């Protein structure tokens, strides 16, 4: 006869005892199941605590990665600004060498331009570092090395120019280095299609469009060597700055100086007009070096 487990309880209503029985293996199975559930609950609670700790640690790592990503992007932005500043210095260096005839030859050890990371692929406002973050850092290091070399070359170049400019105050004050008028360059130096003949022709200066009667200033010290009227240039003015440099101004409405006058840089010498062969108010500006027309933009620093 199989062993059984008996339960007895009193029926308060009828005043009798009732009983029923269960097989012992069922009772043992029930308590075994309770034990398994208890052990499993302990294990799950332990795993929950471990996972919670891992989640907190992961959140901390994500925050640290995000902060590092932002720092790298800010650094990339600074490197890009540095590159732009070096490019401006290079442009300034070239202008100085044009006006001083100290242009470097092709054998110069100076090599401008740097490589570095592709800034367009790095969003400085995206807090998540790209998967190739190590490559970005490596390229930044190379970029910085190149910029350091470039800065050293630029320092040497400016030292050379500084030596030249010592005692050259007259040359500096006589160099047409500022805009004679502010406006929009509507036609540059070199070949262009003529607005009158629709034929290709050489344009010996630049055209700067601006308002009528805007002041025209002398871009450097000099002496007035021509004041008059020309079929093409209209009211024309020329200033001899010395050292073989002459500037010419065409289409003026009025000329405010006379032949032989000495002028200073920044002095108003004329007013913008529309005289001569012109399609609208603008200043035609030319620079001559020893009688040869050169690009005026090579002399303008700002």
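The values are calculated or read from the model by the stated rules, or taken from the named source; none is laboratory data. This structure is a prediction, so every number in the text was calculated from the model and none was measured. Note: ideal-geometry Cβ built from the backbone for every residue, glycine included; neighbour counts use all protein chains shown.
Where the second residue is modelled with pLDDT of 70 or more and the first is under 16 Å from residue 80 (Cα atoms) and lies in segment 134-155, which pairs have Cβ atoms under 6 Å and are six or more apart or on separate chains?
143/79; 147/82; 150/86
Could you count how many residues in segment 207-253 are more than 16 Å from residue 291 (Cα to Cα) and in a loop (DSSP other than H, G, I, E, B)?
Final tally of qualifying residues: 12.
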